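Since the structure comes first, as structure tokens, the remarks are kept for the end.
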Amino acid sequence: MSVAAPESYLADLNEAQREAVLATEGPLLVVAGAGSGKTRVLTYRVAHLIRACGVKPNEILAITFTNKAAGEMRERLERMLGQTARAIWILTFHAACGRMLRREAARLGYTSSFTIYDDQDQVRLVKACLEELGKDPKRFSPRGIHAQISRAKNELVSPEEYAARVSSFWDQTVAEAYELYQRRLHASNAVDFDDLLMLTVQVLERFPEALAHWSKAFRYVLVDEYQDTNHAQYRLLQLLGGEHGNVCAVGDQDQSVYGFRGADIRNILEFEKDFPGTTVVTLEQNYRSTNHVLRAANALIEQNTERKPKRLFSELGEGEPVRVVEVEDEHAEARFVAAEIASLIDAGWSASEIAVFYRMNAQSRVLEDVLVRQDVPYQVIGGPRFYERAEIRDATAYL
């Protein structure tokens, strides 16, 4: 493969982005503010490793948080590198571990054709285990027990370790269900999503030759959304990058929202301690928002104590000032939103140019209620309207 001059494809990066792409050797932490072009940095970094550093595509492992992000990154790299990009491992944590585990399954007593249970299969198996143990599934929710088992696996706590930590009757039930659940999975040559991570870590920890093979196979490891990694994912990266140290983590502790799923903010805060000699690059130029918005966001997030300092800025101008409106409750908020929409439509704006964002689906009900009463047409993106949900239609039909 001919070696390309970096100048030919780095010209459209800003100074900080270019620094992140060119720092190819050793551990790298890219603290990427919202809208600062982190996907571009990741894709250009991979392209640079292949085109300017002579790295083979199959020596790169790029881990993203979602399948959608993996697909987007793969498309961008195929545009830059052509067919070469197809040999790069661009996968989510679970997909990458699944692929590795298929090749190492025999070491743990599985065959390479093991089945991966989905959520329903997992909860169904937990319910069967509870019944086998003589526990009432109405008293001990199978879904609740499964959530506890999942949390234990994400923290790499085995059934034996969990049993040793029991401190209540509930814990004892979880411990017994966890132990039986794992035995039943193994007997069926099956794993669940959390096993994909936990069992891969077990293989790398217990079998030095497997660790040597995979850490040599992946000379360069890149991981996106590092602030949302859990303990099992952190340990996997530590094992894979321990020898060569070429681990590039991209993330932003200000955007960490998955603590309820086991994400550990300490992974990004302590990256420099875990990987000595880390180069830190901060991406502060935002390409999405105006400076009024960014100053408001900076002022809010600065109140957080556990964060690496950064101040986002933009070259998109000052923009509209940020308005803060205080209302009594969610009903008053919905009335305010409906009134704003009505005034915009009266001023000549099209309804298709107006969007309302909310943090969680449960918040749509009050907004929809007011819009329906005021005869404002709307559509809910990413889900059914509240009044079209099956359970709501059942209730209204009954009434």
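Between 334, 342, the distinction of being assigned to a helix (DSSP H, G or I), of a type in the set (Gly, Ala, Ser) and in contact with an Asp or Glu (Cβ under 9 Å, 6 or more places away or on another chain) belongs to 334 only.
Would a scan of the range 14-37 turn up a residue that is charged (D, E, K, R) and closer than 19 Å to residue 227 by Cα? Step through it out loud before you land on a result.
First pass over the range 14-37, keeping only residues charged (D, E, K, R): 15, 18-19, 25.
Pick out the ones that are also closer than 19 Å to residue 227 by Cα and you get none.
Scanning the range 14-37, I find no residue that is charged (D, E, K, R) and closer than 19 Å to residue 227 by Cα, so the answer is no.
Restrict the check to the range 135-143 and report whether at least one residue is part of a helix (DSSP H, G or I) and either in contact with a strand residue (DSSP E or B) (Cβ under 8 Å, 6 or more places away or on another chain) or of a type outside the set (Phe, Trp, Tyr) (or both). There is at least one residue in the range 135-143 that is part of a helix (DSSP H, G or I) and either in contact with a strand residue (DSSP E or B) (Cβ under 8 Å, 6 or more places away or on another chain) or of a type outside the set (Phe, Trp, Tyr) (or both).
Residues in the range 57-108 that are closer than 19 Å to residue 9 by Cβ and open to solvent by 60 Å² or more (accessible area, probe 1.4 Å) were compared, and the one that is farthest from the chain's Cα centre (by Cα) is 83.
The condition (being of a type outside the set (A, V, I, L, M, F, W, C), within 30 Å of residue 120 (Cα to Cα), under 20 Å from the mean Cα position of the chain (by Cα) and modelled with pLDDT under 95) is satisfied by just one residue among 252, 264: 264. So, residue 217, is that one surrounded by fewer than 21 Cβ atoms within 10 Å (Cβ to Cβ) and without any contact (Cβ under 8 Å) to a residue 60 or more places away in the chain or not? The answer is no for residue 217. So which residues in the range 301-330 are open to solvent by 100 Å² or more (accessible area, probe 1.4 Å), farther than 21 Å from residue 287 by Cβ and either touching an Asp or Glu at 6+ places or on another chain (Cβ under 7 Å) or modelled with pLDDT under 90 (or both), if there are any at all? Listed by number, the residues that qualify are 303, 305, 306.
Taking the criterion of being among the polar types (S, T, N, Q) and more than 16 Å from the chain's Cα centre (by Cα), the residues of the range 29-45 that qualify are 36, 43.
Select, from 257, 191, 280, the only residue that is open to solvent by less than 10 Å² (accessible area, probe 1.4 Å) and of a type in the set (Val, Ile, Thr).
Numbers: 257 fails: open to solvent by less than 10 Å² (accessible area, probe 1.4 Å); 280 fails: open to solvent by less than 10 Å² (accessible area, probe 1.4 Å).
Result of the check over 257, 191, 280: 191.
Note on the range 331-357: among residues that are exposed (fewer than 12 other Cβ atoms within 10 Å of the Cβ) and not small (Gly, Ala, Ser), the one that is nearest to residue 285 (Cα to Cα) is 357. Only one entry in 225, 155 is surrounded by 22 or more Cβ atoms within 10 Å (Cβ to Cβ) and either among the charged types (D, E, K, R) or over 19 Å from residue 99 (Cβ atoms) (or both), namely 225. Flag not set for residue 185, criterion: under 15 Å from residue 241 (Cβ atoms), in contact (Cβ under 8 Å) with a residue 12 or more places away in the chain, part of a helix (DSSP H, G or I) and of a type in the set (A, V, I, L, M). As for the range 292-308, it holds at least one residue that is touching a strand residue (DSSP E or B) at 6+ places or on another chain (Cβ under 8 Å) and not in a helix (DSSP H, G or I). Just one of the listed residues (156, 91, 101) is hydrophobic (A, V, I, L, M, F, W, C), part of a helix (DSSP H, G or I) and in contact with a helix residue (DSSP H, G or I) (Cβ under 9 Å, 6 or more places away or on another chain), namely 101. The C-beta contact set for the range 348-370 (first residue free of Cβ contacts under 8 Å to residues at least 60 places away in the same chain, second residue open to solvent by 60 Å² or more (accessible area, probe 1.4 Å) and of a type in the set (Lys, Arg), distance under 9 angstrom, 6+ apart or interchain) comprises 364/385; 368/385; 370/335.
For the range 377-399, which residues satisfy the criterion of being of a type in the set (A, V, I, L, M), open to solvent by 60 Å² or more (accessible area, probe 1.4 Å) and not in a helix (DSSP H, G or I)?
Narrowing the range 377-399 to residues of a type in the set (A, V, I, L, M): 380-381, 390, 392, 395, 397, 399.
So of that shortlist, the ones also open to solvent by 60 Å² or more (accessible area, probe 1.4 Å) come out as 381, 390, 397, 399.
Across the range 377-399, the qualifying residues are 381, 399.
The values are calculated or read from the model by the stated rules, or taken from the named source; none is laboratory data. Source: prediction; values computed, not measured. Note that we place each Cβ from the backbone using ideal geometry, even for glycine, and neighbour counts take in every protein chain shown. Side chains are part of the model used for accessible areas, which takes the heavy atoms of the whole protein and leaves out ligands, DNA and RNA. Shrake-Rupley method; radii C 1.70, N 1.55, O 1.52, S 1.80 Å.
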